[in-house]
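Student: Can you read through this structure? Questions will come right after.
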Amino acid sequence: MKKKIFYFEKKGKENTETALKLALQRGEELGIKTFVVASTFGDVAEAFLKITPKKYNIIVVTHQAGFKEIGKIEITDEIKNKLINEGIKIITATHALSGVGAGVSMKFGGISAPEIIANTLRLFSQGMKVCVEITLIASDAGVIDMDNEIIAIGGTRRGADTVVVIKPAHSIHFFDLDIKEIVAMPRDK
Ligand SMILES: Cc1cc2nc3c(=O)[nH]c(=O)nc-3n(C[C@H](O)[C@H](O)[C@H](O)COP(=O)(O)O)c2cc1C
């Protein structure tokens, strides 16, 4: 099988529109109906909503509370409600590849196994790590049909620059997760 990968010259949010279009296009080709999207403030979620037919199952994973500020989540209730009213599912939960492991290493030093996995995935791109992480989070939240492939969309800090086709797995079965295809990623890290 011969497939194309779209490489962005530069990482970052300026690639969002193209990344989202590529995600939709590959989804159409493969008959994938579930899209898992990382969105911290809701920008990528809103951009995706604008170009997506209603028939899709869109899951938006946000930062967990406390990532930037104790007790706070970046996305506002107003944007959340707007997305929910459009049928989008929003998941806010512990980051699967950091969580308590990161708490331990921040306090005592060293590095946890999930953080090693996260940094290894970052050899592809920040977005690759994010795509795997949000797939685990959405899987553990029970909002994904675990028998079918999904498309995950992540980025570098803001926006979207990485698109991956993934056969999902729950975090306790991490090594059953299967990265099937890279649709788009930045060449620049
Ligand atoms: C759970 C989660 C983990 C993330 N981890 C990283 C990361 O390790 N590195 C990074 O550059 N961006 C990370 N991001 C940012 C996303 O890849 C994406 O660019 C961002 O959520 C888009 O937000 P926006 O819609 O507000 O622009 C993370 C986002 C989420 C929701």
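The values are calculated or read from the model by the stated rules, or taken from the named source; none is laboratory data. Please read these numbers as outputs of a predicted model, since none were measured by experiment. No Cβ is skipped: glycine too gets one built from the backbone with ideal geometry, and neighbour counts run over all protein chains shown. We work out accessible area using only protein heavy atoms, side chains counted, and drop any ligands, DNA or RNA first. Shrake-Rupley method; radii C 1.70, N 1.55, O 1.52, S 1.80 Å.
Student: Placing unit charges on C-beta atoms (Lys and Arg positive, Asp and Glu negative, everything else neutral), compute the dipole magnitude of segment 1-69 about its Cα centre in debye, rounded to 20. Each step should come with its number before you reach the end.
Tutor: Numbers: 13 positive and 8 negative charges, 68 e Å.
With only Lys, Arg, Asp and Glu charged at Cβ, the dipole is about 320 debye.
Student: Let me ask something additional. What nm value, rounded to one decimal, do you get for the distance between residue 55 and residue 7 when each label is placed 7 Å out toward the C-beta?
Tutor: Going by the 7 Å Cα→Cβ label model, 3.5 nm.
Student: Mind listing the long-range amide H neighbours of residue 184? Cut-off is under 5 Å, sequence gap 5 or more, other chains count too, H placed in the peptide plane at 1.01 Å from N.
Tutor: Result for residue 184 returns 6, 163.
Student: Now for a separate question. Please express the shape of the chain as an equivalent ellipsoid: the semi-axes are the square roots of 5 times the eigenvalues of the C-alpha gyration tensor, given largest first in whole angstrom.
Tutor: Working: eigenvalues 110, 78, 54 Å².
In descending order, the three semi-axes are 23, 20, 16 Å.
Student: Give the Debye-formula value of log10 I(q)/I(0) at each listed q (0.13, 0.17, 0.20, 0.25 Å⁻¹), with one equal scatterer per alpha carbon of segment 56-145, two decimals each.
Tutor: Ignoring solvent entirely, the Cα scatterers give -0.50, -0.81, -1.05, -1.32.
Student: Enumerate the whole-percent occupancy of each 10 Å bin, from 0 to the last occupied one, for all C-alpha pair distances of segment 1-86.
Tutor: Spelled out per bin, shortest first, that is 15, 43, 31, 10, 1.
Student: Let me ask another. Could you report the chain's accessible area per residue, 1.4 Å probe, as an integer in Å²? Intermediate values should be presented prior to the final figure.
Tutor: On the way: 10350 Å² over 189 residues.
Each residue of the chain exposes 55 Å² on average to a 1.4 Å probe.
Student: Taking +1 at the Cβ of each Lys and Arg and -1 at the Cβ of each Asp and Glu, which of 164, 31, 142 sits farthest along the dipole of the chain towards its positive end, judged by Cα position relative to the Cα centre?
Tutor: 164
Student: Let me ask something additional. Separation of segment 120-186 and segment 11-27 by C-alpha centroid, Å?
Tutor: Centre-to-centre (Cα) distance: 15 Å.
Student: Hey, another quick one. Considering Cα pairs under 8 angstrom that are at least six residues apart, work out the relative contact order of the chain and quote it in whole percent.
Tutor: Once normalised by length, the contact order is 31 percent.
Student: When the gyration tensor of segment 128-189 is built from Cα positions, what are the square roots of 5 times its three eigenvalues, in whole Å, from largest to smallest?
Tutor: On the way: eigenvalues 83, 27, 19 Å².
Semi-axes from the Cα gyration tensor: 20, 12, 10 Å.
Student: Treat every Asp and Glu Cβ in segment 23-144 as -1 and every Lys and Arg Cβ as +1, leave all other atoms uncharged, and give the resulting dipole magnitude about the Cα centre to the nearest 20 debye. Before the final figure, lay out the partial values.
Tutor: On the way: 13 positive and 12 negative charges, 23 e Å.
The calculated dipole for segment 23-144 is roughly 120 debye.
Student: Using 0.36 nm times the number of residues separating residue 120 and residue 145, minus their current alpha carbon distance, what extension gain do you get? Before the final figure, lay out the partial values.
Tutor: On the way: separation 25, 0.36 × 25 = 9.00 nm, distance 2.68 nm.
Between residue 120 and residue 145, full extension yields an extra 6.3 nm.
Student: Report D for segment 100-159 in µm² per second (integer): Stokes-Einstein, Kirkwood Rh on Cα pairs, 37 °C, 0.692 mPa s.
Tutor: On the way: Rh = 12.8 Å.
The calculation lands on 256 µm²/s.
Student: Okay, next question. Just want the answer: with Cβ charges of +1 for Lys and Arg and -1 for Asp and Glu, which residue in 84, 12, 94 is farthest toward the dipole's positive end in the chain?
Tutor: Looking along the dipole axis, the top candidate is 12.
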